[in-house]
1. Using Cα springs under 10 Å in a Gaussian network model of the chain, which residue among Ala77, Ala27, Ala134 shows the largest mean-square fluctuation?
2. Which of Arg107, Arg84, Arg130 moves most in a GNM of the chain, Cα contacts under 10 Å?
3. From the backbone phi of region 96-104, what are the Karplus-calculated ³J(HN,Hα) couplings (6.51 cos²θ - 1.76 cosθ + 1.60, θ = phi - 60°) in whole Hz, Gly and Pro given as x?
4. Pairs of Cα atoms under 8 Å, at least six residues apart: use those to get the relative contact order of the chain, whole percent.
5. Output ³J(HN,Hα) for region 61-77: one whole-Hz value per residue in order, computed from phi by the Karplus curve 6.51 cos²θ - 1.76 cosθ + 1.60 with θ = phi - 60°, and x for Gly and Pro.
6. Got a sec to turn the phi values of region 46-54 into Karplus ³J(HN,Hα) couplings, 6.51 cos²θ - 1.76 cosθ + 1.60 with θ = phi - 60°, whole Hz, x for Gly and Pro?
7. Relative to the longest principal axis of the C-alpha atoms of the chain, give the angle of the C-alpha long axis of helix 114-128, reported between 0 and 90° and rounded to the nearest 10°.
8. Using the count of nearby Cβ atoms within 10 Å as a rough guide to exposure, how do Trp51, Trp128 rank from fewest to most?
Amino acid sequence: MTTISTTHNTRSNVLHISLWIAQVIVAGMFMMVGAMKTFTPIAELSLTIPWAKDSEALIRFIGITEVLGALGLILPAALKISPRLTVWAAYGLTLTMVLASLFHIVRGEISAVPTPLVLGLLSAFIGWGRSTKAPIKASKRIFGVG
């Protein structure tokens, strides 16, 4: 019985650590790209993202949602305050990357599809893992009170 329990605990710890690694990597990527889309002047941004000059509102909206998603992947889980928000952030970023992939396919930018595809799969892994296999429990104490 102890061997089965120990094996389960080891697998659970490995998954928990793997999810944290994925969360940090994915959040870092979305934070960098989201901040770039949010704060870089459109003239400069359009040098690397040609369609940015055609839709400033869309690129700014995408950037803001990516920054918020990145924060949502880390803060609720790390602070243990409404950690279920991490799951929602992960699934929201998954949807964003599915839409980004479709956007690039429609525009004929097939070479741009692998990046959102990988980020979307990693985001889906985080959502799945944090919702079913290695959820983070909310803290009963908030700021030392409770």
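We did not get these values from a lab; they are worked out from the coordinates using the rules stated. Computed from a predicted structure; not experimentally measured. FYI the Cβ positions are ideal-geometry reconstructions off the backbone, even for glycines, and counts take in every protein chain you see.
1. The residue with the greatest mean-square fluctuation here is Ala134.
2. Arg107
3. Listing the rounded values in order: 4, 6, 5, 5, 5, 4, 4, 4, 5 Hz.
4. Computed over the chain, the figure is 25 percent.
5. Whole-Hz 3J(HN,Hα) from phi for region 61-77: 4, 4, x, 5, 5, 5, 5, 5, x, 4, 4, x, 5, 10, 4, x, 6.
6. With coefficients 6.51, -1.76 and 1.60, one gets 5, 5, 9, 10, x, 6, 4, 5, 7 Hz.
7. That works out to roughly 30 degrees.
8. Ascending Cβ contact count within 10 Å gives the list Trp51, Trp128.
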